[in-house]
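The values are calculated or read from the model by the stated rules, or taken from the named source; none is laboratory data. Predicted, not measured: the structure shown is a model, and the values here were computed from it. Because the Cβ atoms are built from the backbone with ideal geometry, glycine has one as well, and the counts that use them run over all protein chains shown. These area figures cover heavy atoms from the full protein model, side chains too; ligands, DNA and RNA do not enter into them. Shrake-Rupley method; radii C 1.70, N 1.55, O 1.52, S 1.80 Å.
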Amino acid sequence: MISYQEALQLVLDRIRPLPPVEVPLEQAGGLVLAETVAARWDMPPADNSAMDGFAFAWREMRAEEELTVIGSVYAGACWNGAIGPGEAIRIMTGSPLPVGCDSVVPLEDVVATGDGIRLPALVKKGQHVRRQGEEFHDGERLLEAGTPLWAGEIGLLAAAGIARVRVHPAPRAALLSTGDELVELGQTPGPGQIVNSNLYLLSSRLREEGCAVLPLGLCRDEPAALARHLAAGEQADLILSTGGVSVGDRDYLREALATRDFETVFWKVAIKPGKPVLFGLFNGLPVFGLPGNPAAAAATFELFVRPALRRLAGFSTVGPPRLNAILDMEIRGDAKRECFLWGHIDEIDGRRMFHPSPRQGSGQNRSLQGARAMLPVPAGCDVIQAGRDVEVMMIRY
Ligand code: AMP
Ligand code: MG
């Protein structure tokens with residue numbers, strides 16, 4: 001059986017970023033830029049005041065000099081008059097500096113006189129002035145292709161006059177639930193039935209990752225029905241299904257895929273939970289068959305699907321962030337498989353602790369309750385003692 005790292009590499013080798021599309025800037029948050037963007041003008045567009053105060057022309061020996069205030073200029077306006085020696089103009093933050101002025105003294109640093117102000121003992125030439133183009137110049141490269149656009153980048157692009165950008169779109173994931181025992185949420189399960197909780201778990205996780213979800217519904221364990229449901233997923237960028245992928249008598253997913261043009265890249269990985277995970281390409285479309293057990297579906301989502309989604313979305317880093325933490329209880333590994341233990345992270349006396357979930361059963365949604373991290377334990381690792389430093393994969397901060 002292949003290892004996690006080998007399997008992940010096979011996934012990443014098969015997936016390319018989605019072709020770029022042009023979107024209005026307000027729809028670009030969370031997406032990855034697919035072009036280099038340059039500024040369309042100087043910022044600031046002209047020298048302006050960094051403070052509410054008074055603009056004046058600096059000269060040597062101006063300490064404590066009295067200036068007559070001859071007018072005011074507010075943000076959004078310009079002072080078009082002249083200014084003579086011994087004069088100042090009241091100016092508000094962001095207002096263009098009047099011609100002839102080069103320095104600003106803040107309101108709180110002056111003493112009011114009859115019709116003007118007295119400067120403080122120390123004023124420096126050019127003080128409290130934001131120079132034209134000091135933030136960026138017309139034509140300056142602001143962001144490179146491959147940059148994720150978060151609020152800071154969106155604000156910068158708006159300031160530079162960029163109204164539309166080319167980005168890799170958010171992937172659309174089709175989600176299929178399989179299992180004769182499943183009922184929809186809202187129905188009361190009859191004997192032998194359970195609610196299709198994986199649909200909610202995975203849709204929620206997909207939305208947290210910024211993906212659109214295309215539900216393919218609930219399918220019974222029957223090869224022809226499965227093949228029909230899967231075909232509806234072809235409009236998406238990736239298909240996810242849960243259940244029916246193991247070696248049970250009614251695990252028909254592989255059989256259903258085999259009736260289509262499906263290339264199996266791998267089936268079964270030496271991991272726990274999630275061993276029966278399947279990955280392949282359906283006419284070039286990535287398909288993941290995740291196990292039905294909730295904690296196994298969730299683990300394989302983080303281990304394989306999230307990196308695949310991030311690759312589709314154009315991110316250069318696809319793996320989860322890793323942090324060091326101190327293990328708070330002894331845990332055991334597996335002789336043959338790499339284990340991934342769910343747990344939560346907190347800080348005690350300034351030390352980051354990893355607390356493995358008390359229930360690690362792959363069949364339990366409760367293993368995932370509060371879990372924000374997974375601890376990888378290499379195959380063949382017998383025990384890790386409490387108090388040891390470990391590296392955990394962060395699922396959410
Ligand atoms: P399977 O992978 O189909 O053998 O299913 C393994 C276990 O996961 C069984 O106990 C199923 O009832 C359970 N299971 C399968 N699909 C779901 C689902 N969508 N939501 C919750 N549990 C599921
Ligand atoms: Mg099943």
Checklist entry - Can you name the condition, by its number, that Gly244 falls short on among (1) in contact with a strand residue (DSSP E or B) (Cβ under 8 Å, 6 or more places away or on another chain); (2) within 25 Å of Phe315 (Cα to Cα)? => result (2)
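Given the structure, is Val377 more than 27 Å from Gln9 (Cα to Cα), outside the structural domain of Arg207 (by TED's automatic domain parsing) and either buried (at least 16 other Cβ atoms within 10 Å of the Cβ) or more than 20 Å from the chain's Cα centre (by Cα) (or both)? Even if it seems obvious, please write down each step before you answer.
Values: more than 27 Å from Gln9 (Cα to Cα): no; outside the structural domain of Arg207 (by TED's automatic domain parsing): yes; either buried (at least 16 other Cβ atoms within 10 Å of the Cβ) or more than 20 Å from the chain's Cα centre (by Cα) (or both): yes.
Considered against the rule, which asks whether it is more than 27 Å from Gln9 (Cα to Cα), outside the structural domain of Arg207 (by TED's automatic domain parsing) and either buried (at least 16 other Cβ atoms within 10 Å of the Cβ) or more than 20 Å from the chain's Cα centre (by Cα) (or both), Val377 comes out as no.
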Checklist entry - Mind checking which pairs have a first residue in the range 199-212 that is in contact (Cβ under 8 Å) with a residue 60 or more places away in the chain and a second that is basic (Lys, Arg) and outside any loop (DSSP other than H, G, I, E, B), Cβ under 7 Å, 6 or more apart or different chains? => result Glu209/Arg306; Cys211/Arg172
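Residue-by-condition table, conditions (1) under 21 Å from Glu22 (Cα atoms); (2) among the hydrophobic types (A, V, I, L, M, F, W, C); (3) assigned to a strand (DSSP E or B):
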position	(1), (2), (3)
Gly126	no, no, no
Gln132	no, no, no
Gly139	yes, no, no
Leu142	yes, yes, yes
Ala145	yes, yes, no
Gly155	yes, no, no
Ala158	yes, yes, no
Gly161	yes, no, no
Ala170	yes, yes, no
Checklist entry - Does the range 123-132 contain at least one residue that is in contact with a helix residue (DSSP H, G or I) (Cβ under 7 Å, 6 or more places away or on another chain), touching a residue at least 12 places away in the same chain (Cβ under 8 Å) and not hydroxyl-bearing (Ser, Thr, Tyr)? => result no
Checklist entry - Is it true that Pro189 is within 16 Å of ligand 2 (Cβ to nearest atom), without any contact (Cβ under 8 Å) to a residue 60 or more places away in the chain, open to solvent by 50 Å² or more (accessible area, probe 1.4 Å) and touching a strand residue (DSSP E or B) at 6+ places or on another chain (Cβ under 8 Å)? => result yes
Next on the checklist: Against the conditions (1) within 16 Å of ligand 1 (Cβ to nearest atom); (2) in contact (Cβ under 8 Å) with a residue 60 or more places away in the chain; (3) open to solvent by less than 20 Å² (accessible area, probe 1.4 Å), where does Gly289 fall short? Just the number, please.
Outcome noted: (2)
Checklist entry - Could you list, in sequence order, the residues of the range 66-79 that are under 18 Å from Arg131 (Cβ atoms) and surrounded by fewer than 18 Cβ atoms within 10 Å (Cβ to Cβ)? => result Ala75, Cys78
Next on the checklist: Give me the residue from the range 301-360 that is in contact with a Gly (Cβ under 8 Å, 6 or more places away or on another chain) and assigned to a strand (DSSP E or B) and, out of that set, surrounded by the most Cβ atoms within 10 Å (Cβ to Cβ).
Outcome noted: Phe354
Checklist entry - Hey, among Ala82, Ala63, which residue is modelled with pLDDT under 95, open to solvent by 60 Å² or more (accessible area, probe 1.4 Å) and more than 42 Å from the chain's Cα centre (by Cα)? => result Ala82
Checklist entry - Taking the range 216-236 as the search range and keeping residues that are surrounded by 15 or more Cβ atoms within 10 Å (Cβ to Cβ) and closer than 11 Å to Arg172 by Cβ, which one is nearest to the chain's Cα centre (by Cα)? => result Ala236
Checklist entry - If you take the residues in the range 241-265 that are part of a strand (DSSP E or B) and closer than 15 Å to Asn293 by Cβ, which one is nearest to ligand 1 (Cβ to nearest atom)? => result Thr242
Checklist entry - Among the residues of the range 15-46, which ones are open to solvent by 50 Å² or more (accessible area, probe 1.4 Å) and of a type in the set (D, E, K, R)? => result Arg16, Glu22, Glu26, Glu35, Arg40
Checklist entry - Hey, among Lys268, Lys272, which residue is in the same structural domain as Leu238 (by TED's automatic domain parsing), within 15 Å of ligand 1 (Cβ to nearest atom) and surrounded by fewer than 19 Cβ atoms within 10 Å (Cβ to Cβ)? => result Lys268
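Listed here are the residues, each with its yes/no results for (1) among the β-branched types (Val, Ile, Thr); (2) more than 30 Å from Val247 (Cβ to Cβ); (3) open to solvent by 50 Å² or more (accessible area, probe 1.4 Å).
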{"residue": "Val111", "(1), (2), (3)": "yes, yes, yes"}
{"residue": "Leu149", "(1), (2), (3)": "no, yes, no"}
{"residue": "Ile154", "(1), (2), (3)": "yes, yes, no"}
{"residue": "His168", "(1), (2), (3)": "no, yes, no"}
{"residue": "Glu181", "(1), (2), (3)": "no, no, yes"}
{"residue": "Leu202", "(1), (2), (3)": "no, no, no"}
Next on the checklist: Taking the condition of being touching a strand residue (DSSP E or B) at 6+ places or on another chain (Cβ under 9 Å), closer than 17 Å to Lys272 by Cβ and part of a loop (DSSP other than H, G, I, E, B), how many residues in the range 361-379 meet it?
Outcome noted: 4
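Residues checked against (1) away from ligand 2 (no atom under 11 Å from the Cβ); (2) within 25 Å of Gln27 (Cβ to Cβ); (3) modelled with pLDDT of 95 or more:
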position: Tyr200; (1), (2), (3): yes, no, yes
position: Arg205; (1), (2), (3): yes, yes, yes
position: Glu209; (1), (2), (3): yes, yes, yes
position: Leu214; (1), (2), (3): yes, yes, yes
position: Gly217; (1), (2), (3): yes, no, yes
position: Asp221; (1), (2), (3): no, no, yes
position: Ala225; (1), (2), (3): yes, no, yes
position: Leu238; (1), (2), (3): yes, yes, yes
position: Ser241; (1), (2), (3): no, no, yes
